[in-house]
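Inspection log for the structure reproduced underneath, given as structure tokens.
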């Protein structure tokens, strides 16, 4: 799903093994399940009480990712959401309960963000040429016409399993929330097996709970916002073991340069244009990885100044990184400033 997102790029977050930070120990190695799904990689790292469970859990993970793919992935024409998008009418259509819930989550964040975040934005993404990676500066007339084709307010929730369009050609793109939802589902799967010490990661989005086998906190590397190399900006240390999701969204991997101006692929649904603020990364720290996924996208769209106001109003722990020239400046919401379950440290010096 994330490979075709109309909103944002999810960044590099990865588990740091204890050998990188402290001396290696002889604690039992955690169980790992990994593979390829949703146009990216996934990794599950967890403490398994009974190793006999691993084969069954692996099968369940594979089956659940396949089921989610068939339900909410926009890149496949036979998914439930794409079958809904293909209906060129304004009649109610059955989708499923999880799609309706995701639309409603996104609707609330759309409202909180003043309309900056919107699941129906894909026609604008295509208009600017990001679909085919061929830049196209649209005319104001084309831009205004396309803006008339989007708006989550034009998606009606009929009941728990049915959606209805007010515009026949409206399209719902779940890529900005679906990967976080997938992380949530896999974490729930582990919980059902009484596994409470884990990291679930898909394409850089992750949920963490518990501790490592030696009882020390999980440590996660967060990517530095530069496009030329992968370097560590911060190390997130999950001090208390409480469940927490990190979902970073960034601008700097996908953009167009034209006539001396850079155009970000992050589009503001209110104006239909690429964002122009200095924020290059927005991180949302929320227990629910579903909400963290959507919120990180919305906050990146807003930028740090407006984003901090919105984060504070909604009690969201958010970390923004702005680029001023060659310098990176961090800004934190109030909830981020008092967050105790996660501590952020500088990486070791090269």
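A few points about this structure:
- Positions within the stretch 104-134 being surrounded by 15 or more Cβ atoms within 10 Å (Cβ to Cβ) and farther than 20 Å from residue 316 by Cβ, in sequence order: 120, 121, 122, 123, 124, 125, 126, 127, 128, 129, 130
- Long-range neighbours under 6 Å by Cβ, at least six apart or interchain, first residue closer than 18 Å to residue 213 by Cβ within the stretch 50-67, second exposed (fewer than 15 other Cβ atoms within 10 Å of the Cβ): none
- Annotation: of all residues in the stretch 153-183 being surrounded by fewer than 22 Cβ atoms within 10 Å (Cβ to Cβ) and assigned to a helix (DSSP H, G or I), the one that is nearest to the chain's Cα centre (by Cα) is 153.
- Count - residues of the stretch 191-238 that are surrounded by fewer than 17 Cβ atoms within 10 Å (Cβ to Cβ), under 23 Å from the mean Cα position of the chain (by Cα), part of a loop (DSSP other than H, G, I, E, B) and modelled with pLDDT of 95 or more: 1
- Meets criteria (touching a residue at least 60 places away in the same chain (Cβ under 8 Å), on the phi < 0 side of the Ramachandran plot and surrounded by 16 or more Cβ atoms within 10 Å (Cβ to Cβ)) for residue 289: yes
- Checking residue 59 against (1) in contact with a strand residue (DSSP E or B) (Cβ under 8 Å, 6 or more places away or on another chain); (2) at pLDDT 95 or above; (3) over 27 Å from residue 164 (Cβ atoms); (4) surrounded by fewer than 20 Cβ atoms within 10 Å (Cβ to Cβ), the condition it does not meet: (1)
- Of the residues screened, residue 262 is one that is free of Cβ contacts under 8 Å to residues at least 12 places away in the same chain and in a strand (DSSP E or B).
- The single condition among (1) farther than 26 Å from residue 161 by Cβ; (2) surrounded by 15 or more Cβ atoms within 10 Å (Cβ to Cβ); (3) out of contact with any strand residue (DSSP E or B) (no Cβ under 7 Å at 6 or more places or on another chain) that residue 72 does not meet is (1).
- Among the residues listed as 188, 142, the single one being surrounded by fewer than 17 Cβ atoms within 10 Å (Cβ to Cβ), without any contact (Cβ under 8 Å) to a residue 40 or more places away in the chain and closer than 30 Å to residue 51 by Cβ: 188
- Scanning the stretch 101-125 for residues that are under 23 Å from residue 264 (Cα atoms), touching a helix residue (DSSP H, G or I) at 6+ places or on another chain (Cβ under 7 Å) and modelled with pLDDT of 95 or more turns up 106, 109, 110, 112, 113, 116, 117, 118, 119, 120.
To keep it simple, each residue is scored yes or no on (1) closer than 13 Å to residue 279 by Cβ; (2) under 16 Å from the mean Cα position of the chain (by Cα).
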| position | (1), (2) |
| --- | --- |
| 295 | no, yes |
| 301 | yes, yes |
| 306 | yes, no |
| 312 | no, no |
| 315 | no, no |
| 325 | no, no |
| 341 | no, no |
| 344 | no, no |
| 349 | no, no |
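- Yes/no for residue 98 being in a helix (DSSP H, G or I), out of contact with any helix residue (DSSP H, G or I) (no Cβ under 6 Å at 6 or more places or on another chain), modelled with pLDDT of 85 or more and closer than 14 Å to residue 179 by Cα: yes
Listed here are the residues, each with its yes/no results for (1) out of contact with any strand residue (DSSP E or B) (no Cβ under 7 Å at 6 or more places or on another chain); (2) under 23 Å from residue 206 (Cβ atoms); (3) outside any loop (DSSP other than H, G, I, E, B).
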residue: 44; (1), (2), (3): no, yes, yes
residue: 55; (1), (2), (3): yes, no, yes
residue: 104; (1), (2), (3): no, no, yes
residue: 110; (1), (2), (3): yes, no, yes
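- The sole residue among 319, 344, 291, 299 that is within 22 Å of residue 112 (Cα to Cα) and in a strand (DSSP E or B) is 319.
- Only one of the numbered conditions (1) in contact with a strand residue (DSSP E or B) (Cβ under 9 Å, 6 or more places away or on another chain); (2) buried (at least 21 other Cβ atoms within 10 Å of the Cβ) is not met by residue 269, and that is (1).
The values are calculated or read from the model by the stated rules, or taken from the named source; none is laboratory data. A quick note: this is a predicted structure, and the numbers were derived from the prediction, not measured. Using ideal geometry, Cβ is built from the backbone for each residue, glycine included, and neighbour counts are taken over all protein chains shown.
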